[in-house]
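Heads up, the thing below is written out as structure tokens.
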Amino acid sequence: GEDVQMLMYPVMLVEEEQRDEPDEPDVPTHESWQLTLQVSSANASDLTTVFGVDTLATDDFDARFDYPEPPLPPAGRYLTACFRHDDWDRANGRLFNHDIRSEINWGATSEWVLTVATNDTGQVTLSWQDIDSNIPEYHSLILEDLSTDQRVNMLETTEYCYNNDGIREFRIYAEANGINGRDPALIPSEFFLAEAYPNPFNAVTHIPYGLPVNTSVSIKVYDITGRQVAMLIDSEQLAGRYTLVWDSQAAPTGMYIVRMEALGFMKARKVMLVK
């Protein structure tokens, strides 16, 4: 059969301090993760296609992170899988087999366009391994075949196959879902109603509370006789940390009870109004 030729990285003329290999993250985080795509056919393969994000990277060409795709061999079977960038400096070429971007904001999506080309015949397989250990929590990855509009959830399967019919383009969508599009660090692990501040207060006080899940929440203010004097909130809210403001207006000086109820959780706090 025909020889399969190995493709090598071209030499890049960059500053010495830029030539260090970036460290692959030991544990994937929102700020830094990478995934390797392995693309193969019966007689050829490209096992060095990498995409991801890093806090030190930009969305433009970075010599430390983005590697040009090697040239095709002069003869024999070949397969190349790379990311095209017509908007980058032409001196670095147009095709890259490493494409590392800046971190994705919570609730936002980044896209990579992957081009696969081979002169081999038959089936082509795109695969990715150990995705759970390479993609951080609260993120999603979708692979879209632009020829068929078929979409694959990359977190639920490890490969995608098609019959070679020439150059094939794919779009990879990486979304930092978070929780309701927000940084999970902002979501409390449990319900809470914190101490109001200031307390004692004159006219206005702030009441912090938190919801670990989307739910209906009610926070009311009662006087010491049990009479309701204010309804601060009684509605559905997304999970998160919040602060209400109670403007006591015409309420007289005295002790009041702030009571929170949400999904079986109940908590009461005392506040002292001094006028």
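The values are calculated or read from the model by the stated rules, or taken from the named source; none is laboratory data. Since this is a predicted model, take the numbers as computed values, not measurements. When we count neighbours, we look across all protein chains shown, and the Cβ atoms used for this are built from the backbone with ideal geometry, even at glycine. Please note that ligands, DNA and RNA were not included when accessible areas were found on the heavy atoms of the full protein model with its side chains. Shrake-Rupley method; radii C 1.70, N 1.55, O 1.52, S 1.80 Å.
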Karplus 3J(HN,Hα) series, Hz, for the stretch 167-184 with 6.51 cos²θ - 1.76 cosθ + 1.60 (x for Gly, Pro): 5, 10, 10, 10, 10, 10, 9, 10, 10, 8, 4, x, 10, 6, x, 10, 4, x
Relative contact order for the chain using alpha-carbon pairs under 8 Å, separation at least 6, rounded to a whole percent? 14 percent
Calculated FRET value between LEU146 and TYR197, using beta carbons and R₀ = 45 Å, to 0.05: 0.25
Out of the DSSP beta bridges found with both residues in the chain, what percent are antiparallel (nearest 5)? 95 percent
Ranked by accessible surface with a 1.4 Å probe, highest first, in what order do ASP145, ASP132, ASP183, ASP247 come? ASP132, ASP247, ASP183, ASP145
D (µm²/s, integer) via Stokes-Einstein for the stretch 219-275, Kirkwood Rh across alpha-carbon pairs, 10 °C, 1.306 mPa s: value 128 µm²/s
Choose one answer from THR148, THR125, THR55: the residue with the largest mean-square fluctuation in a GNM of the chain with alpha-carbon springs under 10 Å. THR148
Mind giving me the nanometre distance, one decimal, between the label points for LEU155 and PHE265, set 7 Å out from Cα along Cα→Cβ? 2.3 nm
Suppose every Lys and Arg Cβ carries +1 and every Asp and Glu Cβ carries -1, with no other charges. What dipole size does the chain come out with about its Cα centre, to the nearest 20 debye? 2080 debye
For the stretch 119-186, take the alpha-carbon Rg, divide it by the Kirkwood Rh, and send me Rg/Rh. 1.08
Evaluated at 10 °C and 1.306 mPa s, the Stokes-Einstein D of the stretch 73-140 based on the Kirkwood radius over Cα pairs, in µm²/s, stands at 105 µm²/s
Of the heavy-atom accessible surface of the chain (probe 1.4 angstrom), what whole percent is carbon and sulfur? 48 percent
Three-way shape call for the stretch 135-275 based on the alpha-carbon gyration tensor, with the a/c threshold at 1.5: prolate
Candidates GLU236, GLU111, GLU144; GNM for the chain (alpha-carbon contacts under 10 Å) flags as most fluctuating GLU236
Identify which of GLY178, GLY166, GLY210 has the largest mean-square fluctuation in a Gaussian network model of the chain, with springs joining Cα atoms closer than 10 Å. GLY166
Given labels modelled 7 Å from the Cα in the Cβ direction, how far is it in nm from GLU190 to SER216? 2.5 nm
Using a 1.4 angstrom probe, figure out how much accessible area the stretch 137-201 has per residue, in square angstrom, rounded to the nearest whole. 54 Å²
If you average the sequence gap of Cα pairs under 8 Å that are 6 or more apart and divide by the length of the stretch 87-161, what percent do you get for the contact order? 26 percent
